[in-house]
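What follows is calculated from the coordinates using simple rules that are stated; it is not laboratory data. As the structure is a computational prediction, the values presented were derived from the model and not from experiment. Glycine gets a Cβ as well: all are built from the backbone with ideal geometry, and neighbour counts include every protein chain shown.
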Amino acid sequence: MNYISTRGAGIGERHTFSDILLGGLAKDGGLYLPNEYPKVSADELARWRTLPYADLAFEILRKFSDDIPDEDLRELTRRTYTAQVYCNVRDEENAAQITPLKTLGVEGGAPLSLLELSNGPTLAFKDMAMQLLGNLFEYTLAKHGQTLNILGATSGDTGSAAEYAMRGKKGIRVFMLSPHKKMSAFQTAQMYSLQDPNIFNIAVEGVFDDCQDIVKAVSNDHAFKARQKIGTVNSINWARVVAQVVYYFKGYFAATKSNDERVSFTVPSGNFGNVCAGHIARMMGLPVEKLVVATNENDVLDEFFRTGIYRVRKSSETYHTSSPSMDISKASNFERFVFDLLGRDPARVLQLFRDVEEKGGFDLQASGDFARVQEFGFVSGRSSHDDRVDTIRDVFEQYDTMIDTHTADGVKVAREHLQAGIPMIVLETAQPIKFGETIREALEREPERPAAFSGIEDLPQRFVVLANDAERVKAFVAERTR
């Protein structure tokens with residue numbers, strides 16, 4: 001397995017999974033992808049159907065990480081995916097499944113289900129990849145006698161998932177940027193209440209895209225990045241994306257009886273990382289009918305999948321919504337899909353994303369490339385605050401199930417793309433407690449709260465506020481990594 005940049009740099013060079021694990025962007029600003037996607041045979045698909053989650057993760061990940069010995073990788077996945085780590089289940093009988101499938105009902109002739117992905121330490125789907133990433137980082141650093149300073153950006157869930165995965169890990173510091181006063185109270189408390197000496201929370205005076213731009217600016221300062229040993233855990237990190245591929249296979253097996261069946265997935269989407277994993281699963285051979293991209297009012301992805309126009313928004317045009325983890329106007333992982341859409345032409349990808357920086361976007365309808373989107377099974381839709389409230393209320397009344405705001409965006413859009421006889425699986429984003437204000441508005445009751453998080457908002461918080469300035473952030477990092 002060799003990895004290449006979406007923008008073409010380093011063609012002919014060898015880049016292993018471990019080589020790119022600790023980094024983020026390629027040197028040319030592109031994103032890493034395998035030179036070709038590994039294919040899953042019918043025999044493998046049949047054999048994998050009954051595997052526990054940890055062993056399924058091993059089988060899938062070994063196709064992308066052939067430089068890690070099998071015995072080491074198997075130990076890492078079995079240490080990561082345990083009922084002790086993913087212990088915040090709402091139904092104890094399903095604890096061993098890690099990602100239980102909860103069938104809501106049949107609508108429009110299609111089974112409508114939720115794939116529970118938020119049973120981990122921070123009650124968000126991002127734990128599914130981040131817990132593995134923490135173990136992979138520690139394993140690789142120890143093997144090579146290295147240290148790593150992680151610089152990341154979060155709109156809410158990534159930050160806490162990363163910090164909980166990396167706290168106490170040898171040789172690792174975490175510097176996490178978040179938009180000042182723009183996360184929910186629960187999300188803020190999860191991150192800022194951590195007192196571990198290797199965790200640093202930086203509240204940036206701006207929106208999430210400003211935080212993300214700072215991370216990219218630091219990543220593109222190659223001298224600083226090398227000197228300070230900077231790595232990333234944001235969704236641009238390839239290991240995070242490939243770890244998410246696993247639960248598409250697990251969800252498929254749970255929703256079907258044979259590998260002749262097809263399913264559709266609806267994915268609440270901001271940065272395109274989660275649904276990009278679904279695209280990769282489909283390219284590997286998973287029988288996926290549709291990949292439904294669900295956005296909130298920040299609908300840059302919905303606009304693309306309807307029109308072929310990719311138009312990033314300015315910070316002033318980014319809405320602060322009740323599904324804040326999707327308040328993103330520049331989808332970092334989208335470049336990976338565009339690379340495949342354009343037949344893996346790095347020169348064209350480079351030009352298109354130069355257009356994003358210089359002109360604010362590009363139009364694939366005009367060039368004729370947009371027609372190929374149908375071949376990849378993508379459709380989309382958007383949701384508003386009123387839609388979220390209505391959907392939360394409806395799902396609770398109909399199915400006695402409480403869902404968070406982002407998952408509500410997913411259910412709303414999923415219902416617009418149901419096909420009779422094709423199971424529709426909505427990927428759950430988080431547990432409702434993380435967005436209590438909207439739950440109270442919709443249901444006039446308190447959201448369910450796991451006992452481990454009682455009173456978290458009252459704990460002391462440790463963070464620093466910095467201006468929206470990459471140089472200020474670099475100085476902060478440098479001061480603490482001497």
Requested in this report: List every residue whose amide H lies under 5 Å from the amide H of I150, counting only residues 5 or more places away in sequence or on a different chain, with H placed 1.01 Å from N in the peptide plane.
Outcome: R173, V174, F175, G231
Report summary line: Sequence order, segment 14-21: Karplus ³J(HN,Hα) from phi using 6.51 cos²θ - 1.76 cosθ + 1.60, θ = phi - 60°, Hz rounded, Gly and Pro as x, gives 9, 10, 8, 4, 5, 4, 9, 4
Query - Straight-distance crosslink candidates among aspartates and glutamates, where the alpha carbon sits under 12 Å from K474 and sequence neighbours closer than 8 are dropped - result: D221
Query - Phi-based couplings in Hz for segment 313-320 (Karplus 6.51, -1.76, 1.60; Gly and Pro marked x) - result: 9, 6, 4, 5, 9, 8, 7, 8
Query raised in the report: Looking at this model, which pairs from K102/K143; K225/K412; K63/K126; K126/K225; K257/K330 are more than 30 angstrom apart at the alpha-carbon?
Result: K102/K143; K225/K412; K257/K330
Query raised in the report: Gain in length, A46 to F224, computed as 0.36 nm per residue apart minus the alpha-carbon separation, to one decimal in nm?
Result: 59.3 nm
Requested in this report: Have a look at I392, V241, Q365 and report the one farthest towards the positive end of the charge dipole of the chain, computed about the Cα centre with Cβ charges (Lys/Arg +1, Asp/Glu -1).
Outcome: V241
Query raised in the report: Using 0.36 nm per residue, how much length does the chain from Q374 to A475 gain when fully extended, once their Cα-Cα distance is taken away?
Result: 31.7 nm
Query - For segment 183-223: rounded, prolate or oblate by the Cα gyration tensor [a/c cutoff 1.5] - result: oblate
Report task. Return the tail of the calculated pair distribution for segment 1-127, meaning the percent of Cα-Cα pairs more than 25 Å apart. Result -> 44 percent
Query raised in the report: What's the exposure ranking of D43, D469, D299, going from fewest to most Cβ atoms within 10 Å?
Result: D43, D469, D299
Requested in this report: Return the FRET efficiency for the residue pair R78, Q398: r is the Cβ-Cβ distance, R0 is 45 Å, and the value is rounded to the nearest 0.05.
Outcome: 0.75
Report summary line: If amide H atoms are modeled at 1.01 Å from N in the peptide plane, then the residues at a separation of 5 or more from I4, or on another chain, having amide H under 5 Å from its own are L33, N35
Report summary line: Each label sits 7 Å from Cα toward the beta-carbon; between V106 and S316 the label points are separated, in nm, by 5.4 nm
Query raised in the report: Can you work out ³J(HN,Hα) from phi for every residue in segment 359-370, in order, using Karplus 6.51 cos²θ - 1.76 cosθ + 1.60 and θ = phi - 60°, giving whole Hz and x for Gly and Pro?
Result: 10, x, x, 7, 10, 8, 5, 5, 7, x, 6, 4
Query raised in the report: What's the extension gain from Q419 to D28 if we count 0.36 nm per residue and subtract their Cα-Cα distance?
Result: 136.6 nm
Report summary line: Using alpha carbon positions and the Kirkwood radius, the Rg to Rh ratio of the chain is 0.93
Query raised in the report: Distances over 24 Å make up what percent of all Cα-Cα pairs in segment 300-445?
Result: 43 percent
Requested in this report: Taking H placed 1.01 Å from N in the peptide plane, check which residues at least 5 places from L418 or on another chain put their amide H under 5 Å from its amide H.
Outcome: none
Query - Qualifying GluC sites (Glu not before Pro) in segment 379-466, DSSP loop, other Cβ atoms within 10 Å at most 16 - result: E444, E448
Query raised in the report: Label points 7 Å out from Cα along the Cβ direction at R354 and H385: separation in nm?
Result: 4.2 nm
Query raised in the report: So what's the gap between the Cα centers of segment 116-167 and segment 396-471, to the nearest angstrom?
Result: 20 Å
Report summary line: Here, Q146 and D19, labelled 7 Å along Cα→Cβ, have an inter-label distance in nm of 1.2 nm
Requested in this report: Mind sorting T6, T140 by how few other Cβ atoms lie within 10 Å of their own Cβ, fewest first?
Outcome: T140, T6
Report summary line: The Cα extents of segment 52-106 along the principal axes, largest first and rounded to whole Å, are 43, 27, 12
